Each structure stands twice: as structure tokens, then as C-alpha cells.
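To keep things clear, I will list the structure first and then write my remarks on it.
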Amino acid sequence: MQLSELKVIVTGGGSGMGKHFCERFCAEGASVVAFDVDAAGLEKLVNDCGSCTGQLHTQVVDVTDEAQVVDAVKLAGQTLGGLNALINNAGIFRDGMLVKVDKKTGDVQRMSLEKWQSVIDVDLTGPFLMAREVAAYMIENKTAPGVIVNMSSVSRAGNPGQSNYSAAKAGLVADTKLWAEELARYQIRVGAIAPGFVRTPILDGMRPEVLERMLTGVPLRRLGEPEEIFRGIRFIVECDYFTGRCIDIDGGVRM
Ligand SMILES: NC(=O)c1ccc[n+]([C@@H]2O[C@H](COP(=O)([O-])OP(=O)(O)OC[C@H]3O[C@@H](n4cnc5c(N)ncnc54)[C@H](O)[C@@H]3O)[C@@H](O)[C@H]2O)c1
């Protein structure tokens, strides 16, 4: 598939990598609908994407809300006159230890169910709902060949302090493999990308010394750029023999 022929939904398009992906797809002549809960972020995307050659539309959508996702995917299909791609990019993290002893009181603190569930909802249930609806749309409307790209993370290997995030990102790679097998008969390919530390607003609030310490674990000793992750997406879209696998783009870091 060529980037210019994509009719693509990008979730989490209002910030960071998702915003970059929308801008790059549009620059390549693709037709894009960005989904995000952040209306101001979507507005900024539209303002920043002035000179794009493709189409850009936005919809405020919470990917954890089944009814919203069902309606929003249909509307995106109507807006673009079809759909043949999905970038499952929206994600959050809310880190914490499973249990932790308070040094002063000796109390054993526990990761709350709410903290666990909020990350599972956005990072695993959201991509499930989106992939289900976009795949169903492609089959019902005969718009395949199509492609789905899931944004996992190097944390999928199991990163201490991220029970919720690691579980969601590992689950997404398992689903990438099985969705690829289930959907191949409908000419829909599914791939995943597992980035390491990438320069996005998530890192803005981080103290320079903390960032420096984090980078000592990265063999290439620097952050990745959103454009370097986009190159992975481009490869997955353009290589028609790629499906069911996850590409690590992480400067060599291991967890
Ligand atoms: N930045 C990194 O270092 C890094 C590393 C590995 C993986 N990732 C993954 O890449 C993806 C993008 O990360 P980023 O750094 O660009 O993050 P970001 O915070 O800049 O952007 C995420 C976007 O998702 C949106 N979002 C959150 N919850 C949503 C919901 N329920 N429905 C719709 N949209 C929602 C946010 O509003 C935001 O605009 C995420 O899945 C993240 O887990 C990021």
C-alpha cells in the first residue's frame, strides 16, 4: 500500500507521536481522521497542518467508550469515503509499584485497581474496540486491502513500576499476532511498533538529570524522534508482505 492511498484513523492525534503521524500522513497525500479526547490538541493539529496536501479531519472521541467508538468509526468512514488503515496510538501511563512499603510508617501501599484499570482501558481495551470496528468496517464496506498498526512499547517486556502499562503493551503485541492471523483472509494486515524513549510532551516535565540517567540505559544515548517511529509505520504500510510482527525502534534499550 502507498501512503497517498490511505484513508486512515489515527488515535491520540492531538499530541506527541500521533500528531506527528497525522502531519506526515497529510504531507504524503493521505486522508486522515484524528481521534482524541483532547479537543484543544486536535485544534492545534489542524492549525499546525496548514500546508498539507492530503485531507485532515478531527473527531473528539474517547477510545475506551464502546458506543462512541462504534459511531465515530462509521462517521470517519463517511467523511473519508472509506477506510483502509488504523493507527492505534492513543495511550497513557500511570506508574506505581504493585506494593510498596512506606519508609516512615511501615505501611504496605498497594497499586489501586483504578490505576490499573485506567491504563488497561486506554492502552488495551481502546485498541481492541478500534481494531474491531475498523476491521468490521473494512469487511462490510469492502475497502480492504487494509492495515492496522498498534503502538506498543519497549515496556512490554515487563518494566518495574509499570504493572498496568507493561501488561497492556504486551497484550497488544499478542493481539497483533492473532489479529494478523484472523484478518489475513480479509486482506487486512496488522503490525506493531515498540518504541523506546521518544521525544514527546510526556517527557517535558522530566528533570534534566532524570532524563540523563534514563539515557544511560540506551546504547545510542539519545531519545528517539517521532519521525523515526513514523519510518516504522511507513515500512509496515508499504511492505505488503509484513504482518503479525512487532518492530522495536528503541535505540537498543532493553528492560
Ligand atoms: N513517548 C514515548 O517515549 C513512548 C514510548 C513507547 C511507547 N509510547 C506509546 O506511543 C503512544 C503515543 O505516545 P506519546 O508519547 O505521543 O503520548 P502523548 O501523551 O503525547 O499523546 C497521547 C494522546 O492520546 C490521547 N488520549 C489519551 N487517552 C485517550 C482516550 N481515552 N481516547 C482518545 N485519545 C486519548 C491524549 O489526549 C494524547 O493526545 C502511546 O500509546 C504510548 O504509550 C510512547
*Take each of the peptides 10-20, 100-110, 54-64, average the number of other beta-carbon atoms within 10 Å over its residues, and list them starting from the highest.*
10-20, 54-64, 100-110
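Please go through the residue pairs 44/100; 74/177; 19/177; 19/74; 7/44 and name each one whose alpha carbons sit more than 32 Å apart in this structure.
On the way: 44/100 40 Å; 74/177 25 Å; 19/177 26 Å; 19/74 22 Å; 7/44 21 Å.
In this structure, 44/100 exceed 32 Å between Cα atoms.
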_Cross-link partners of residue 103 among lysines (Cα-Cα below 17 Å; sequence separation of 8 or more within a chain)_ = none
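Taking other Cβ within 10 Å of each residue's Cβ, how do 138, 214, 206 sort, fewest first? Each step should come with its number before you reach the end.
Values: 138 26, 214 15, 206 12.
Result, fewest neighbours first: 206, 214, 138.
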*Hypothetical label at residue 94: residues of the stretch 104-125 whose amide nitrogen lies under 13 Å (7 Å Cα-Cβ projection)*: 111-123
*Take the alpha carbon atoms of the chain, find their radius of gyration, then divide it by 2.2 N^0.38 Å using N residues; give the quotient.*
1.01
*Treat each spin label as a single point 7 Å out from the Cα along the C-beta direction, and report the residue 112 to residue 222 distance in nm.*
4.0
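Any chance you could run the full-extension gain for residue 105 through residue 47? It's 0.36 nm times the residue separation minus the Cα-Cα distance, nm to one decimal.
Working: separation 58, 0.36 × 58 = 20.88 nm, distance 5.10 nm.
Going from the current span to full extension adds 15.8 nm.
The numbers here are math on the coordinates, done by the rules we state, and not lab data. Every value quoted in this text rests on a predicted model; they were computed, and no experiment measured them. When we count neighbours, we look across all protein chains shown, and the Cβ atoms used for this are built from the backbone with ideal geometry, even at glycine.
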